[in-house]
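One structure below.
The values are calculated or read from the model by the stated rules, or taken from the named source; none is laboratory data. Keep in mind that this is a model prediction, so the values were computed, not measured. Counting neighbours? That spans all protein chains shown, and the Cβs are built from the backbone with ideal geometry, glycine included. Heads up: the accessible areas ignore ligands, DNA and RNA and are worked out on the full protein's heavy atoms, side chains in. Shrake-Rupley method; radii C 1.70, N 1.55, O 1.52, S 1.80 Å.
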Amino acid sequence: MPTFGNGRRVAIVAGLRTPFAKAGTVLKSMSAIELGRACVAELIERTNLDVGQVQAIVFGTVIPSVLAPNIAREVALMPMLPKGVQAFTVSRACASANQAITDAADQIVLGHADVVIAGGAESLSNVPILHSRGLTDAFMTANRAKSVPQKLQAFTRVRPRDLRPIAPAIAEPSTGETMGQSAEKMAKINHIPRDEQDQFALRSHRLASAGTTDGRLTAEIAPLYVSPRYETVVTSDNGIREQTSYDQLAALKPVFDRMYGTVTAGNSSPLTDGGAAVLLMSESRARTLGYAPLAFVRSYAYAALDPGEQLLQAPVLAAPVALRRAGLSLRDMDLVEMHEAFAAQVLSNLAGFESKQWAERAGFPSPVGEVDRTRLNVMGGSIAIGHPFGATGARILTTLCQELGRRGGQFGLLTVCAAGGMGHAMVVERA
Ligand SMILES: CC(C)(COP(=O)(O)OP(=O)(O)OC[C@H]1O[C@@H](n2cnc3c(N)ncnc32)[C@H](O)[C@@H]1OP(=O)(O)O)[C@@H](O)C(=O)NCCC(=O)NCCS
């Protein structure tokens, strides 16, 4: 049984997402708020949910709009919802939707809410572009100036270098290392060769492609009319390459260490736009409203390590804690969903699960164990499907719960690595 305090179980009633599209492609005209609203609206429609039941919306996003930083509230303010649905936004890098889900689950366990929508959205096509300090100072001075000559005077100190725009980097603020460089480092430390990374990427595309063709993945996607004209409808992910081959992947040049590297565009997750959400309820409210939950949250854990060490390895520290809190072991898991930031990271995490050293670091005498590959990311993962940072956690949870149901499984484990050296793990159970 769940180890949460007062026995209030959190039901995962349903989950849905937008199609995931590579940044700069079919969804580039849509903001993260629009992506979030679209999937929440369709989630409500498909579950035939009385909107008066929704008590809170919790959303994750990693690079928020400067003009509307609380994306959750903007989603909650869409016309179909009452204005009294309180909403807050969380940030835990690539595990932001997971943070949203666990915050929502905590609210339900505490008895503060019975029906919460949680998820996340990201538009990497629409990242805020910043000004330099020099140009910002000039704008601020001009803003305060009383006359036009004074306003113009404010710009006389601006130098050409001040005009260079600054885009958010996908890099660690504390070390300056990009995610890709971190993946390279992990490949070297954990001896993950290029061919294993490419084989794993190929597997991701093949399985995601199969899941799309047979409709399992498509069932988790809300077709999306693209704003502002609403003339184009997008129905599936556009990063999945049905035709890719090992030879094509092996021919790609490394991106983050051009001389000696192994991490390529093919074995990395792409920059992606998309949104995803899940509907969570207390077990009792789900039953009262007549919903059959997909699964229940059994336990979860977060962990962190020094970002300068192995940035994306913390799932190895979080997973054993989540399993212990669930009172279960890896052997009990019918399915494992692991976020694929990079093939090098997945393979490093899997090796870490088998390592006594990592087990001891996490405070356990023996390793988590070897993940049965036939139970791992059975419909591919973020390498093929894409990775809108703030949304991925809700996609993974939906896939895990849906597939557990189809297979008649009982327990599932999901893990997500995140910038800042953080990791998340959750155990779900059916019935
Ligand atoms: C790796 C990265 C830099 C690549 O960006 P990109 O160069 O825009 O990627 P593209 O999709 O254009 O791919 C580059 C090339 O590889 C090819 N390619 C990519 N994946 C392929 C595949 N599976 N099979 C065959 N070819 C592939 C593309 O066709 C393209 O070829 P072209 O140049 O001939 O058109 C970018 O995706 C990235 O930064 N990813 C990491 C994101 C990240 O850090 N996430 C955080 C994780 S926590």
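The table below gives the values:
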read-out: Beta bridges per DSSP with both ends in the chain, % antiparallel, nearest 5; value: 70
read-out: PHE296 long-range amide H proximity, modeled H, under 5 Å; value: ILE12, GLU429, ARG430, ALA431
read-out: Full-stretch length increase - ASN70, SER29 - with 0.36 nm per residue and alpha-carbon distance subtracted; value: 12.8 nm
read-out: Percent accessible area from carbon and sulfur atoms, segment 286-431, protein chains only, probe 1.4 Å; value: 48
read-out: Computed label-point distance, nm, for sites TYR230 and ASP137 using a 7 Å Cα→Cβ extension; value: 4.8
read-out: Estimated dipole of the chain in Debye, rounded to 20 [Cβ of Lys and Arg +1, of Asp and Glu -1, Cα centre]; value: 960
read-out: Whole-number percent relative contact order across segment 56-101, with pairs defined as alpha carbons under 8 Å at least 6 apart; value: 50
read-out: Among GLY275, GLY327, GLY421: highest mean-square fluctuation, GNM of the chain, C-alpha pairs under 10 Å; value: GLY327
read-out: Per principal axis, descending, Cα span of segment 339-411 in whole Å; value: 33, 29, 20
read-out: LEU289/PHE88 FRET efficiency (R0 22 Å; Cβ-Cβ; nearest 0.05); value: 0.40
read-out: Whole-percent carbon and sulfur share, accessible surface of segment 77-198, 1.4 Å; value: 59
read-out: For the chain, diffusion coefficient by Stokes-Einstein and Kirkwood Rh (Cα), 25 °C, 0.890 mPa s, µm²/s; value: 111
read-out: Gyration tensor over alpha-carbon atoms, segment 190-263, equivalent ellipsoid semi-axes in Å; value: 31, 16, 10
read-out: Inter-centroid distance (Cα atoms) of segment 306-361 relative to segment 136-205, Å; value: 29
read-out: Computed magnitude of the charge dipole of segment 1-90 (debye, nearest 20; Cβ of K, R +1, Cβ of D, E -1); value: 180
read-out: Percent breakdown of C-alpha pair distances by 10 Å bin, ordered from the shortest bin, for segment 145-295; value: 8, 21, 22, 23, 15, 8, 3
read-out: Potential lengthening between MET80 and GLN153 on full extension [0.36 nm per residue; Cα-Cα distance subtracted]; value: 21.4 nm
read-out: Segment ARG161-TYR260, extension gain: residue separation times 0.36 nm, minus the distance between their alpha carbons; value: 32.4 nm
read-out: Residue-level accessible surface for LYS356, protein heavy atoms, 1.4 Å, Å²; value: 110
read-out: Table column - 3J(HN,Hα) (Hz), segment 417-422, Karplus curve with 6.51, -1.76, 1.60, x for Gly and Pro; value: 8, 8, 3, x, x, 9
read-out: Heavy-atom accessible area per residue - segment 214-343, 1.4 Å, Å²; value: 43
